[in-house]
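Accompanying notes for the structure given below.
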Amino acid sequence: MVAAARQLRREFELIQMESEFAVEEVLTKISILRQEFVRLRRYNPIEHVNSRVKTPASTLHKAIRLGVDPTPASIREGVKDIAGVRITCSFIADTYRVLDALTAQADVRVLSVKDYIKAPKPNGYKSLHALVEIPVFLSTGPVHVPVEVQVRTIAMDFWASLEHKIHYKYEGEVPPRLVERLTAAAKASERLDEQMEGLYAEVREAREPTTDEDEEGLDD
Ligand code: 0O2
């Protein structure tokens, strides 16, 4: 009994450890892409990057919510977002640009892509989600670990983090007046993104870069 419990704990620790390594791999990839953009194109499309690995308790909670058997084997099969990386970009065009550059890499296997920018969730949530699989090289050989990558603009991120707080505060039962105001705020953030992108395009045109490599960043 004790041996079985120890074995179970070890397997959960392994899932946790592999997820942490996979996050490190993705963060390295993003850092390299960011540096390449800055050094060769003098443009930084990435504002900031966050990552997290779900705790075993939160993973179990998610497994139960999804109806996945709370065993290590079933969790590996059924809970794909234990590792998560969120990239916040300046402009909408950058979100697609960055995700394309990341998912085009030979060792990144794309399992699914959800475009909540083109098709926002009914509550107004916008973001690009890609579920990718990354090889992590352990002493025992490679393991392929899923990572959920979310890419969004600063305005989308601002809205999502507030919505997340409200959602948790009301445990999912958000009062209709707040839902209404959140929907209005989502529309406002959409307009802000459009205005910022328009402004940026105008500044870029005024600077008249001749090639993609000549592109000038405003902030780097
Ligand atoms: P956390 O704490 O951020 O990890 P599922 O993965 O089954 O829960 P779904 O809809 O199939 O749900 O997956 P989807 O659409 O890819 O969304 C998964 C993650 O996107 C969520 O993870 C959130 O991080 C984010 N997300 C999705 N919808 C919303 C939303 O309406 N508001 C906000 N603020 N975030 C959202 P978790 O595991 O739910 O949470």
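The values are calculated or read from the model by the stated rules, or taken from the named source; none is laboratory data. Keep in mind it's a predicted model, so treat the numbers as computed, not measured. We place every Cβ from the backbone using ideal geometry, glycine too, and count neighbours over all the protein chains shown.
Taken residue by residue, segment 182-191 has at least one member that is away from the ligand (no atom under 13 Å from the Cβ) and buried (at least 16 other Cβ atoms within 10 Å of the Cβ).
Looking for whichever is among the hydrophobic types (A, V, I, L, M, F, W, C), away from the ligand (no atom under 16 Å from the Cβ), over 19 Å from Thr88 (Cα atoms) and not in a loop (DSSP other than H, G, I, E, B) here; the options are Ile166, Ile134. Which one fits? Criteria check complete, one pass: Ile134. Being closer than 14 Å to Val145 by Cα, in a loop (DSSP other than H, G, I, E, B) and out of contact with any Gly (no Cβ under 8 Å at 6 or more places or on another chain), is that true of even one residue in segment 63-73? The answer is no, given that none of the residues of segment 63-73 is closer than 14 Å to Val145 by Cα, in a loop (DSSP other than H, G, I, E, B) and out of contact with any Gly (no Cβ under 8 Å at 6 or more places or on another chain).
If you check Glu163, Glu173 for being among the acidic types (Asp, Glu), crowded, with 18+ Cβ neighbours inside 10 Å and modelled with pLDDT under 95, only one passes: Glu163. Residue count for segment 137-163 under the criterion of being assigned to a strand (DSSP E or B) and not charged (D, E, K, R): the result is 13. Residues of segment 137-160 being free of Cβ contacts under 8 Å to residues at least 40 places away in the same chain, more than 9 Å from the ligand (Cβ to nearest atom) and either under 21 Å from Leu192 (Cα atoms) or surrounded by 16 or more Cβ atoms within 10 Å (Cβ to Cβ) (or both), which ones? Met156, Phe158 - these are the residues of segment 137-160 that are free of Cβ contacts under 8 Å to residues at least 40 places away in the same chain, more than 9 Å from the ligand (Cβ to nearest atom) and either under 21 Å from Leu192 (Cα atoms) or surrounded by 16 or more Cβ atoms within 10 Å (Cβ to Cβ) (or both). State all residues of segment 74-115 that are in a helix (DSSP H, G or I) and either farther than 17 Å from Lys126 by Cα or of a type in the set (Lys, Arg) (or both); if no residue qualifies, say none. Residues satisfying the conditions are Ser74, Ile75, Arg76, Glu77, Gly78, Arg97, Asp100, Ala101, Leu102, Thr103.
Is it true that some residue in segment 14-34 is farther than 24 Å from Val136 by Cα, of a type in the set (Val, Ile, Thr) and surrounded by 12 or more Cβ atoms within 10 Å (Cβ to Cβ)? No - not one qualifying residue is present in segment 14-34. Among the candidates Lys121, Lys114, the residue that is near the ligand (Cβ under 9 Å from one of its atoms), touching a strand residue (DSSP E or B) at 6+ places or on another chain (Cβ under 6 Å), within 30 Å of Gln195 (Cα to Cα) and not small (Gly, Ala, Ser) is uniquely Lys114.
Here is a yes/no grid of residues against (1) under 15 Å from the mean Cα position of the chain (by Cα); (2) within 29 Å of Ala186 (Cβ to Cβ):
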site: Ala57; (1), (2): no, no
site: Arg65; (1), (2): no, yes
site: Ala83; (1), (2): yes, yes
site: Ile87; (1), (2): yes, yes
site: Phe91; (1), (2): no, yes
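Of all residue pairs spaced 6 or more apart or on separate chains, those with beta-carbon atoms under 6 Å, a first member in segment 103-127 that is among the charged types (D, E, K, R) and a second member that is away from the ligand (no atom under 11 Å from the Cβ) are Asp107/Pro135; Arg109/Glu133; Lys126/Ile117.
Condition check ((1) within 14 Å of Ile15 (Cβ to Cβ); (2) of a type outside the set (Lys, Arg); (3) surrounded by 15 or more Cβ atoms within 10 Å (Cβ to Cβ)) across all residues:
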residue	(1), (2), (3)
Ser51	no, yes, yes
Ala57	yes, yes, no
Ala83	yes, yes, yes
Arg86	no, no, yes
Cys89	no, yes, yes
Ala101	no, yes, yes
Lys118	no, no, no
Pro122	no, yes, no
Val132	no, yes, yes
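Can you tell me which residue in segment 32-57 is farthest from Ser90 (Cα to Cα), limited to those that are in contact (Cβ under 8 Å) with a residue 12 or more places away in the chain and part of a helix (DSSP H, G or I)? It comes out as Pro56.
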